[in-house]
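Okay, structure first, notes after.
The values are calculated or read from the model by the stated rules, or taken from the named source; none is laboratory data. Only a predicted model underlies this, so the values are computations on that prediction, with no experimental measurement involved. Neighbour counts are summed over all protein chains in view; Cβ atoms, including those assigned to glycine, are modelled from backbone coordinates with ideal geometry.
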């Protein structure tokens with residue numbers, strides 16, 4: 001028989017069941033083969049080469065060990081086909097005369113089918129989670145998997161979530177994912193998109209974010225007693241002269257939040273429509289980590305500890321650069337591969353409402369598809385509906401009703417009975433950004449992953465009738481915000497949805513005394 005890099009573990013142990021114990025005794029990583037479920041999942045697609053890589057073994061040594069066991073058990077001659085060899089090298093055995101008329105199998109290339117890649121990547125990430133050093137996995141990854149598309153990264157993360165891995169756990173591994181995938185993903189250059197296309201704008205913002213982050217890192221590294229040596233002590237005199245410049249750079253870098261918000265509100269809903277849910281959720285968690293890090297950096301840089309300030313400022317800059325890397329190597333290729341022209345048009349529509357970081361779209365890009373932005377506006381949605389809406393206590397035109405709601409000094413958002421966003425007030429005084437991409441989106445995907453559990457608890461209690469209202473208040477940017485959720489019910493008590501009302505009550509809280517006369521001042 002033949003043993004080669006491409007020999008299937010499943011086929012091998014099916015025809016020679018005793019090899020399960022041979023493999024399990026040979027390396028601890030193979031003990032999982034004793035589990036029939038694992039043999040029929042990972043074992044079904046894994047090859048000897050992949051098994052050797054995952055166990056940290058030399059392929060030749062593994063094949064020789066198996067050949068010896070097979071020949072001892074069956075007295076059958078075994079031919080080894082080393083990876084890349086054209087002519088089989090015979091296993092050493094007394095009286096071995098080769099494999100007779102056997103034809104050597106061709107050497108395996110560096111590509112494998114998608115199922116094999118995903119199974120291999122899952123096993124690599126499990127080893128990573130178990131504490132295997134990253135450096136030990138890179139060679140195994142390159143050897144066993146070869147090139148991998150960004151879409152396959154998304155599929156892998158989706159499978160991990162479906163298999164019960166918490167999204168917060170995937171986030172913890174996210175940077176290591178990118179480190180492993182970076183070399184394989186590097187050849188997947190993001191194509192040059194026309195000015196005005198969302199990816200063109202995202203990448204222009206990334207260039208500016210990288211420039212500012214590099215300047216922060218450069219400034220801090222020059223302040224070391226040995227310039228450039230990140231382990232050497234910080235020169236506090238140099239810090240005193242440069243602290244204000246670093247603080248200004250951090251304030252500028254904080255504009256990246258607009259970039260992240262546009263991704264969350266415009267791009268992520270389209271990915272979710274296409275079944276790509278895990279990567280956006282993981283990336284949103286990382287956005288929130290970067291937001292927190294930037295806030296901490298801006299606070300610390302004004303504090304009394306130069307060392308702490310320099311450390312957190314550098315960490316914030318590196319985190320922003322790392323997110324740029326994730327976008328350029330994973331997110332944008334994945335999105336360009338997945339989204340249709342019409343969906344990109346929907347991403348573009350609403351971007352102006354949220355705003356941009358440092359740049360604005362260069363020119364106006366028009367999607368060559370049916371779903372144009374005009375069809376997504378409220379006026380377009382109202383086409384064909386009655387001019388007037390009959391309410392419980394009167395009738396209003398659609399325009400008056402829309403303008404009335406938008407004039408209220410409140411942020412209103414309505415989630416329907418199926419937990420999908422049905423409406424929001426599109427006003428210039430909104431506290432929290434919204435855009436057209438949120439309509440129809442599951443409300444759970446409209447919140448940072450760390451707060452989803454609260455959303456689910458509110459909705460669950462509203463639906464059972466246990467609660468009718470929930471309230472929160474926070475201080476943000478020097479303003480006091482009051483946020484309330486109300487259960488909306490029919491006269492019969494049927495749950496219709498959840499109304500979110502957010503209000504800036506800073507000025508209301510400051511009132512005192514009375515004003516009983518008109519005063520325009």
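Return a yes/no flag: does segment 236-245 have any residue that is surrounded by 13 or more Cβ atoms within 10 Å (Cβ to Cβ) and either at pLDDT 95 or above or in contact with a strand residue (DSSP E or B) (Cβ under 7 Å, 6 or more places away or on another chain) (or both). No, that holds for no residue. Scanning segment 440-453 for any residue that is modelled with pLDDT under 90, under 31 Å from the mean Cα position of the chain (by Cα), surrounded by 11 or more Cβ atoms within 10 Å (Cβ to Cβ) and in a strand (DSSP E or B) turns up at least one such residue. Selection of segment 212-235 for residues being over 19 Å from residue 321 (Cβ atoms) and exposed (fewer than 13 other Cβ atoms within 10 Å of the Cβ) yields 225, 226, 227, 229, 231, 233.
Residue 483 meets all of the listed conditions (1) within 18 Å of residue 412 (Cβ to Cβ); (2) out of contact with any strand residue (DSSP E or B) (no Cβ under 6 Å at 6 or more places or on another chain) but one, namely (2).
I'd like to check something: does segment 493-509 contain any residue that is closer than 27 Å to residue 284 by Cα, in a loop (DSSP other than H, G, I, E, B) and outside the structural domain of residue 348 (by TED's automatic domain parsing)? No, that holds for no residue. What do you reckon, is residue 311 surrounded by fewer than 18 Cβ atoms within 10 Å (Cβ to Cβ), in contact with a strand residue (DSSP E or B) (Cβ under 9 Å, 6 or more places away or on another chain) and modelled with pLDDT of 90 or more? Answer is yes for this residue. It is to be established whether one or more residues within segment 6-16 are buried (at least 18 other Cβ atoms within 10 Å of the Cβ), more than 37 Å from the chain's Cα centre (by Cα) and modelled with pLDDT of 80 or more. Scanning segment 6-16 turns up at least one residue that is buried (at least 18 other Cβ atoms within 10 Å of the Cβ), more than 37 Å from the chain's Cα centre (by Cα) and modelled with pLDDT of 80 or more.
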